[in-house]
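Have a look at the structure that comes next, please.
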Amino acid sequence: MAPKTKKVLGLSGLSRITGLGGCCLSGVVTKGGTHTEKKKKISKMERLRLLQEEEEKKLKEEEEARLKAEQEAAEKFHKQQIEKLKWEALIEKDQQRRTEELEELYLLESCFAEAEKWKKELRVLSKWKHYIECDGTPDPCIAQEINTFISLLKEKRNEDMNAVMKASKLILSLIEKLELTLLDTPMHELTDEQVAQYQGSILELQELLQFKFDEATEALLKEASSLVDTDSGNMEKTIKGEDITLYVWANLKKNPKYRRIKFGDSQVGFEIPKALASNDIAFRIFHTNYDHLSPLPVIPRPEKPKFVEITTEETSEEETPEDIEITQAAPEEATEEHKVETPLVPELEIKTEESLITIKKSTSLMKEEAEVKKEESDISSLKSESVLSGLMTTIPEKSVLYTVTETIDDEDVIDLKGFTPLGGIYYLNILHLPPQCKQAKSWTIVELISGGLKTFAYPPDTRDDFSELENPYQPIEISIELNRNVVFFEKPMVARWESEGKVWRTDGFIGLSYDMQERTVTFSLEAVYPITLIQDNHIHMPYESWELRPVDLNEAVLNITTTFTDIDIQIKDNQCMLAAVELGDEYELSHLLGKWMTITSLIIAMKNTGLNIFPSECSHTYVAVNNKNPFIEVGCYRQMALVASVFAFSWSKWNKISGPEKIVFKASEVKKKYVKDDEWSHYMFNGERAQKLKITELSEEFSEELEDDSEFHSTLYHMIKDFTSETGMEKIQTTNHLFIDSVCKLLHSTRVLTYS
């Protein structure tokens, strides 16, 4: 019998067997034999069952997700309803106490009226003290006295330079008094005639001062032969005063060898061309720390005070509907003789620089306004005035703030709204040398000539026909020195005065070069003019940051950080001083640092030094401004000033994106010398409502969400009051009204909420 053989199935056999019985056999041939793995194939019923289970699972998950979404939506809706009810409750609570808070704020802000009254009494007392002192100096505000003073001073002839230097101090002090009177006196207290008189007196005093120095220069030049320099044989004289420095050179020897002159140890000097070296001339560089060439600033004159009386009586039957419509359409046309009648409108008093309106608050009417919401629409035009409660003491009308500046077509003409002379004026003059004194035995003979000091025309009006190569009238090289009491943060522009157009121009300079290390500027001119250095008014704007920090009761420090420096202004009672400024050792600011003065005087002194952090009404056209509603802005300054003895305020980045109608800043009660980063809180104020925000400076986006356990208030003062300690409230209640007024005026002068 033949042995049985085992069949090894190939791939084709396996493929046939695979289809049988739904089973799959796979044979694997190995060296030692075969190994078979068996795996069941899923049936159609099983597959359908699995698909059904998967579908049911998916439906179940979707149902669960739907239920969860509905639950979350319900919870979110419920939460929103709770938040809405809470929000409405806060608003209702705010409305209920709104009248009380506004009345309390109105009483607190009476300190500004008290400060104005004190200032007015101080001005009257100052005039009285001047009258009883009877020291011979005139009152510049009295036309008869100042005119007599000017006439008597003009009659004094042949005064030497020392006498004129002494008189110049008095003249400059009179000019300063008139300027401060125009700046410090509220506009409604000055008539148009008084403003014109004061400005006219300023111009006459400026002309008188120049006239007296010309006379003294002439007297000095007449004695030039007795003041000769032993080396050159010419006269070189430097006379320094507090506000004036005079450099005079007299060409006595007419030696072309001495054409380059440098006055003493200074860097001031000049080089005259050969055409001048052989003439009887004198060269004068007259440097003044003041500017009596630029036009006087135009002082905006307000309209006459308008008194608007708003009554609650119903319209009489005799009044026609047309009359009512006209009255409501143009309320600004109302005067003392015309009364605007509007139902259910509280009487308000708004004291501004331009007007003085009597405010009388009616408590019953304010409560009725809060209870009857429908009637609020009738007084919507007075909302901002109601909230501010007479806050418009220091800010002009919005139309004045945002007036478009006049464009200057000539690019060489300096726009004095955007740029300003800094460091004074350098008057350059080529003068005829007057006849010198001659000694004849015991006699001194002097040739008298009429006409006073005469200017030497260079180049002459009638020139000979020279070619350009042979033209002897070459430019004059001038070198001037920058004062060390003036700070230039950038290379200044050099400008010359054009007397015909009464403007500063930047053209006409040849070979202009700067040496900022030696603080000198060198240039050449074909003719001589008054020269000045020009700096950008807005070089420090916008500010990088700011902080108002209390130091003690009635004492605080305002810090402003700019691109170039860090400035600290200290406020104490009704005075201010520049406490610190980051500068190099090459500057000398002893005339300003640590000197207590009024805010107006400090602003003028800082501007004249180059530390201009005080925007003008047209600065917004030169600087990228963080626009804010001016009514809300000034209301914020006033209420910040009320608590400035206790609370510190600082810049917030969210103020830039909060919009023009909302102001955001940081605040914290100061219990130590400084405030830590985590102690600051954010507040928002829109003129009608103040609230504490939940965000910080590190938040990813701006949010108006309220801080936990905080409420709304109608005023910023009451909002901050909620987070003030008892000790802090005692300090706030005992703060001096002069300090509050000073803080408010300084904040408004720097406008930190807009220019940062």
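Fully extended, how many nm does the chain gain between Lys694 and Lys672 (0.36 nm per residue separation, minus their Cα-Cα distance)? Don't skip to the end; give the middle numbers.
Details: separation 22, 0.36 × 22 = 7.92 nm, distance 2.38 nm.
Between Lys694 and Lys672, full extension yields 5.5 nm more.
Rounded to the nearest 20 debye, what is the charge dipole size of the range 155-261 about its Cα centre when +1 sits on each Lys and Arg Cβ and -1 on each Asp and Glu Cβ? Each step should come with its number before you reach the end.
Values: 14 positive and 20 negative charges, 207 e Å.
Here the size comes out at about 1000 debye.
Please arrange Tyr674, Tyr637, Tyr755 by counting, for each residue, the other beta carbons lying within 10 Å of its beta carbon, fewest first.
Tyr674, Tyr755, Tyr637
Take Lys222, Lys274, Lys666 and order them by how many other Cβ atoms sit within 10 Å, fewest up front.
Neighbour counts put them in this order, fewest first: Lys274, Lys222, Lys666.
Additional query: I need the calculated FRET efficiency for the pair Thr621 and Glu661, taking r as the beta carbon distance and R₀ as 22 Å, to the nearest 0.05. Walk me through the numbers on the way to the answer.
Working: r = 22 Å, r/R0 = 0.98.
FRET efficiency, Thr621 to Glu661: 0.55.
Moving to a separate point now. Which net charge results when you count Lys and Arg as +1 and Asp and Glu as -1 among the other residues whose beta-carbon is under 10 Å from that of Lys262? Walk me through the numbers before you get to the answer.
On the way: positive: Arg260; negative: Glu236, Asp265, Glu271.
Neighbourhood net charge equals -2.
Dipole of the range 198-268, Cα-centred, from +1 at each Lys and Arg C-beta and -1 at each Asp and Glu C-beta, to the nearest 20 debye? Mind dumping the intermediate values first?
Working: 10 positive and 12 negative charges, 123 e Å.
Here the size comes out at about 600 debye.
Taking each pair of distinct Cα atoms in the range 501-600 once, what is the resulting Kirkwood hydrodynamic radius in Å?
17.1
Using a Förster distance of 41 angstrom, determine the FRET efficiency expected from the C-beta separation of Arg66 and Glu704, and round it to 0.05.
0.80
Taking other Cβ within 10 Å of each residue's Cβ, how do Asp160, Asp568 sort, fewest first?
Asp160, Asp568
Quick note: the coordinates plus some simple rules give every number you see, no bench work behind them. Everything quoted here is computed from the prediction, not taken from an experiment. Positions of Cβ are backbone-derived with ideal geometry, glycine not excepted, and every protein chain shown enters the neighbour counts.
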